[in-house]
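Comments concern the structure below.
The values are calculated or read from the model by the stated rules, or taken from the named source; none is laboratory data. In this text, all values refer to a predicted model and were calculated from it rather than measured experimentally. When we count neighbours, we look across all protein chains shown, and the Cβ atoms used for this are built from the backbone with ideal geometry, even at glycine.
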Amino acid sequence: MAAKFGVNVTITAEAARPITIQSITPIGIAGTYSTLETGLHFFGSVTDAKEKLKELAGAGTLIKAVQAICDQAVETPIIFSVFEGGVDTNATITAARTAIEAFKDAKAEFGYRPNLLIAPEFSDVDVIYNALISAAEKLHATAIIDLNSASETLATTKADNFGTRRAIITDPYVKIWDTDATPNAYAFYPQSPFIAGLIARVDGESEYGWSDSYSNRTINGIFGTSRNINFELGEDCEADRLRSNHISTIIRESGFRAWGGETTDQDSIWTDLARVRVFDRISEACQQGVLYAVDKKASELFFAKYSVEQLLQNLTGSKVLIGYNVYWDDKKNTQATVTAGKFYLRIEMQNNPIVKVIELDFVYKDSWSENLLSSINK
């Protein structure tokens with residue numbers, strides 16, 4: 001309480017607040033493990049998760065998923081949602097669905113919200129992949145779903161079941177060296193944990209890695225695919241046809257590489273996963289960045305807008321964006337909304353697009369014939 005006499009002091013700030021964008025990519029894995037209690041479990045890194053599973057010496061789907069992520073040489077927070085898998089298929093599906101729905105409580109419990117959601121060895125089931133998509137919608141995350149199709153035709157047919165910016169669908173399974181088998185042997189395994197680990201790796205490669213695509217990057221720990229995927233540069237091929245149908249696949253080109261990065265959204269603007277994730281990260285950062293102005297006097301709005309502008313200017317200079325506009329929306333801000341304390345800030349921006357196709361036009365011309373004639377007449 002201010003004194004009635006003497007000199008009172010107040011300290012305030014009239015400046016832009018730094019807005020930081022989350023650079024880590026927590027991965028949520030729904031799966032089974034016989035010696036781990038059902039429910040949510042948090043680990044600060046992939047290594048911690050792997051060591052805990054080895055210590056418990058159980059069996060289930062989580063151990064291979066964690067190994068696949070480890071193979072991508074990434075350290076990122078891991079959130080398990082463990083459920084019991086049994087001989088009753090319907091009971092297992094119900095348990096898996098419940099486990100996926102539990103991811104919505106992760107932030108309240110651990111302070112981290114999964115950015116990527118996977119359920120390897122289960123996500124090809126319609127009930128489970130629908131649960132993954134639903135959870136991804138709630139969490140503003142990306143679900144990575146495995147089709148496990150026996151042919152290109154079947155994969156394309158299955159792809160018609162999807163239509164969301166919140167999911168990447170992968171096909172086919174990949175060939176791995178199964179160290180859990182006795183004796184060790186090659187086996188076929190879902191792509192989803194490999195792609196999740198790859199995305200997290202790309203996100204962490206630079207300050208703005210989250211604005212890049214995971215496509216056309218080598219994947220560690222795989223030695224083939226469950227069916228051969230034909231890929232020929234500049235020619236019609238299965239890899240390109242799958243990608244045209246929004247299916248992320250694997251090509252063999254200087255190693256095994258991811259080939260995809262397209263969502264199944266009906267709106268072509270949001271079929272680019274990189275664009276979806278750029279808008280997600282920036283919008284979430286701006287939400288957090290201007291939260292301080294809520295329940296303050298409206299004069300703080302000037303600095304809230306300034307804070308957003310400073311972030312977008314930085315992102316433009318860093319080549320994440322190629323342009324932006326920030327202004328108070330005169331069409332929505334009315335006397336009534338001002339009285340209600342509600343203000344609309346419009347933010348327009350364009351991300352630096354991901355290159356999908358390069359056309360090389362080779363043209364024969366005889367313009368240099370004189371050079372040849374001059375050289376042979378010497």
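Could you tell me whether region 164-173 includes any residue that is among the acidic types (Asp, Glu) and either crowded, with 17+ Cβ neighbours inside 10 Å or touching a helix residue (DSSP H, G or I) at 6+ places or on another chain (Cβ under 6 Å) (or both)?
If we filter region 164-173 for residues that are among the acidic types (Asp, Glu), which is where we start, we get 171.
Right, trim to either crowded, with 17+ Cβ neighbours inside 10 Å or touching a helix residue (DSSP H, G or I) at 6+ places or on another chain (Cβ under 6 Å) (or both) and you get 171.
There is at least one residue in region 164-173 that is among the acidic types (Asp, Glu) and either crowded, with 17+ Cβ neighbours inside 10 Å or touching a helix residue (DSSP H, G or I) at 6+ places or on another chain (Cβ under 6 Å) (or both).
Annotation: ALA102 fulfils all but one of (1) closer than 27 Å to PRO172 by Cβ; (2) in contact with a strand residue (DSSP E or B) (Cβ under 9 Å, 6 or more places away or on another chain); the unmet one is (1).
Just to verify a result, which residue in region 174-200, among those that are farther than 20 Å from ARG243 by Cβ and within 11 Å of the chain's Cα centre (by Cα), is surrounded by the most Cβ atoms within 10 Å (Cβ to Cβ)? In this case the residue turns out to be GLY197. Exactly one residue out of LEU360, LEU315 is without any contact (Cβ under 8 Å) to a residue 24 or more places away in the chain, out of contact with any Gly (no Cβ under 6 Å at 6 or more places or on another chain) and not basic (Lys, Arg): that is LEU360. If the condition is being surrounded by 11 or more Cβ atoms within 10 Å (Cβ to Cβ), over 27 Å from GLN287 (Cβ atoms) and free of Cβ contacts under 8 Å to residues at least 60 places away in the same chain, then region 1-44 contributes THR32, TYR33, SER34, THR35, LEU36, HIS41.
Can you tell me which of SER248, SER299, SER254 is exposed (fewer than 15 other Cβ atoms within 10 Å of the Cβ) and either touching a residue at least 40 places away in the same chain (Cβ under 8 Å) or in a helix (DSSP H, G or I) (or both)?
None of the other options fit; the residue is SER299.
Check ALA30, ALA49 and return the single one that is in contact with a strand residue (DSSP E or B) (Cβ under 9 Å, 6 or more places away or on another chain) and assigned to a strand (DSSP E or B). Lay out the reasoning, then the answer.
Working: ALA49 fails: assigned to a strand (DSSP E or B).
Matching residue, one of ALA30, ALA49: ALA30.
The listed residues are ASP330, ASP366, and the only one of them that is closer than 20 Å to TYR306 by Cα and either at pLDDT 95 or above or exposed (fewer than 10 other Cβ atoms within 10 Å of the Cβ) (or both) turns out to be ASP330.
So that you can scan it fast, the table gives a plain yes or no per residue for (1) touching a residue at least 40 places away in the same chain (Cβ under 8 Å); (2) among the β-branched types (Val, Ile, Thr); (3) in a helix (DSSP H, G or I):
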{"site": "ARG275", "(1), (2), (3)": "yes, no, yes"}
{"site": "VAL278", "(1), (2), (3)": "yes, yes, yes"}
{"site": "LYS305", "(1), (2), (3)": "yes, no, yes"}
{"site": "VAL308", "(1), (2), (3)": "yes, yes, yes"}
{"site": "GLY323", "(1), (2), (3)": "no, no, no"}
{"site": "ASP330", "(1), (2), (3)": "no, no, no"}
{"site": "LYS342", "(1), (2), (3)": "no, no, no"}
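Criterion first (surrounded by fewer than 19 Cβ atoms within 10 Å (Cβ to Cβ) and in a helix (DSSP H, G or I)) does ARG241 satisfy it? Don't jump to the end; show me each part of the working.
Details: surrounded by fewer than 19 Cβ atoms within 10 Å (Cβ to Cβ): yes; in a helix (DSSP H, G or I): yes.
Here the answer is yes, as ARG241 does meet what is asked.
Here region 101-128 is the region considered, the condition is being surrounded by fewer than 24 Cβ atoms within 10 Å (Cβ to Cβ) and aromatic (Phe, Trp, Tyr), and the residue that is farthest from ARG166 (Cα to Cα) is PHE110. Of all residues in region 60-84, those that are more than 17 Å from the chain's Cα centre (by Cα), within 15 Å of PRO190 (Cβ to Cβ) and part of a loop (DSSP other than H, G, I, E, B) total 3.
SER213 - would you say it is in a loop (DSSP other than H, G, I, E, B), out of contact with any His (no Cβ under 8 Å at 6 or more places or on another chain) and within 20 Å of MET349 (Cβ to Cβ)? Yes: the conditions hold for SER213. Of all positions in region 53-74, at least one carries a residue that is among the acidic types (Asp, Glu), over 21 Å from VAL276 (Cβ atoms) and in contact with a helix residue (DSSP H, G or I) (Cβ under 9 Å, 6 or more places away or on another chain). In region 95-114, the residues that are within 19 Å of THR76 (Cα to Cα) and part of a helix (DSSP H, G or I) reach residues that are among the polar types (S, T, N, Q) and modelled with pLDDT of 95 or more with C-beta atoms within less than 9 angstrom, at least six apart or across chains, in these pairs: PHE103/SER81; ALA106/SER81. Listed conditions (1) over 30 Å from ILE247 (Cα atoms); (2) in contact (Cβ under 8 Å) with a residue 12 or more places away in the chain; (3) among the charged types (D, E, K, R) are all met by GLU348, apart from (1).
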